[in-house]
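Written below as structure tokens is the structure these notes are about.
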Amino acid sequence: MKFLLEKKMRNMIEYGNYIDNRGVLGIVRRACNYVDARLVDHGFRVACIVSRILARLGGYTEKEMRDICILALYHDIGAYKTEEISRMLEFETRNMQEHSIYGYLFIKYFTPLQEVAPGVLFHHTTWSRLQELPGVSPENKRLAQIMYIADRADVCLEEEGCSYQEFARRLLAGRGVRYSPEIADIVLAEDFLELSSEREAWEAELWEKIWKVPFTKEEIRKYLDMVIYTIDFRSRHTVTHTMTTTSISYELAKRMGLKGRALSDIYFGSLLHDLGKIGIPVEILEFPGKLSPQAMRIMRTHVELTGLILGPDVEEKIRKIAMRHHEKLDGSGYPLGLTAMDLSLEERIVAVADIVSALAGTRSYKEAFSRERIVGIIGKMKEDGLIDGSIVDVMTDNFNDIMGKTGVRCQPIMDMYQDIQREYQELAGYMEGDWNGRHHKRATAANDA
């Protein structure tokens with residue numbers, strides 16, 4: 001399914017004018033780091049091992065190697081939505097299907113890595129069980145085992161501090177049952193896992209594979225979608241907030257007379273405005289009521305986190321648009337307490353759009369507000385000198401048209417979210433061992449994703 005805004009709007013935005021492949025993956029890595037830095041570091045080390053396995057296997061194109069290495073970097077991304085994070089870095093694991101399924105679905109729906117996504121779905125599936133699965137190609141079984149063995153190697157050697165001899169003993173004990181003999185034999189080679197002495201060389205090899213084949217503009221877009229939806233994917237009550245804010249900002253900007261690069265800046269800045277929420281605990285994001293002062297202080301840190309995640313990879317104007325959506329004209333906003341003279345038109349537009357989006361959306365503690373209530377709230381904020389009156393007037397005068405178009409743009413992501421939940425339930429049954437009948441189709445779908 002396609003993400004976000006209609007093709008006309010997206011084609012107007014030349015992402016390459018704002019960010020390149022290094023920049024977007026840098027943002028993705030920093031964003032994930034705020035969920036759990038251990039998993040980011042683990043993913044990086046696993047990707048280094050996968051890179052070396054692929055080199056020894058041979059037969060992969062440069063693009064295939066690049067994509068598989070990136071997949072390895074984020075193979076545990078499904079854990080960001082589950083309760084499994086605390087158990088991820090243990091050698092002996094049980095019932096790890098949940099994060100594998102969510103990771104597979106996330107990669108399938110929100111990244112350009114659909115073809116290799118089954119490697120994540122089955123990356124905790126034993127070799128003997130993989131052999132019994134119908135509809136899964138030999139290549140996807142091989143890829144899953146590459147991920148599985150690389151993952152276990154890192155957990156054993158780095159997280160548990162085992163010797164290579166101990167890891168080799170475990171790998172040999174499971175060879176042919178838990179682990180593919182082909183992949184196990186590569187990793188068991190005496191010179192393969194000299195991690196301590198070759199770490200810098202391994203990292204250099206990994207980055208060479210990732211950067212050697214440049215991303216297309218569409219791939220850059222999809223990786224950016226990936227980090228945006230890492231936020232909304234964690235909390236069902238924020239699943240359309242980013243898109244809604246972006247759409248409202250865009251529609252307001254057009255009606256305020258912005259064109260060309262200024263309109264693109266609005267789009268890009270609003271798209272990135274809530275990146276920092278990835279670092280806010282889900283229990284705060286979904287708290288069913290008014291937050292305590294302490295929880296509110298934590299929630300407000302999402303703005304500073306947004307700036308840290310963007311890092312040096314976006315220009316200053318875009319950073320300011322993304323980071324100033326909670327500032328108020330009278331200086332009562334946060335995080336900097338800026339006033340009207342400090343805030344550009346673009347920044348003011350996104351601030352109004354964010355408020356309308358929040359009021360129009362559902363939360364764990366409220367239903368969507370009506371048009372009359374939203375207009376009343378922003379009208380009062382205008383009277384109190386908190387937000388730009390001219391933007392409020394445009395929003396009020398064009399409310400039905402703007403929100404109608406926004407609703408149309410939101411529907412695909414709502415449909416996608418429902419599809420993910422439905423597919424999760426079906427795959428959960430399949431991963432539990434029901435490999436016949438209706439789940440045979442799901443196995444084929446996983447293979448063909």
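State which entries of 320/382; 63/320; 222/277 exceed 25 angstrom in Cα-Cα distance in the structure shown. Cα-Cα > 25 Å for 63/320; rest within.
Normalised by the number of residues in the range 297-372, the mean separation of alpha-carbon contacts (under 8 Å, six or more apart) gives a relative contact order of 20 percent. Sorting 413-422, 202-211 by their mean Cβ neighbour count within 10 Å, with the most densely packed peptide first, gives 202-211, 413-422.
A simple packing score, the average count of other Cβ atoms within 10 Å per residue, orders the peptides 336-347, 275-286, 67-78 as 67-78, 275-286, 336-347, with the highest score first.
Residue-wise HN-Hα couplings along the range 290-302, as the Karplus relation 6.51 cos²θ - 1.76 cosθ + 1.60 with θ = phi - 60° gives them from phi, are 6, 6, 5, x, 5, 5, 5, 4, 5, 4, 5, 5, 4 Hz; Gly and Pro carry x. Highest average first, the peptides 169-177, 288-296 ordered by how many other beta carbon atoms sit within 10 Å of their residues are 169-177, 288-296.
Computed from the coordinates by the stated procedures, all read-outs in this text should not be read as laboratory data. Computed from a predicted model, the values in this text were never measured in an experiment. Neighbour counts run over all protein chains shown; Cβ positions are idealised from the backbone, glycine included.
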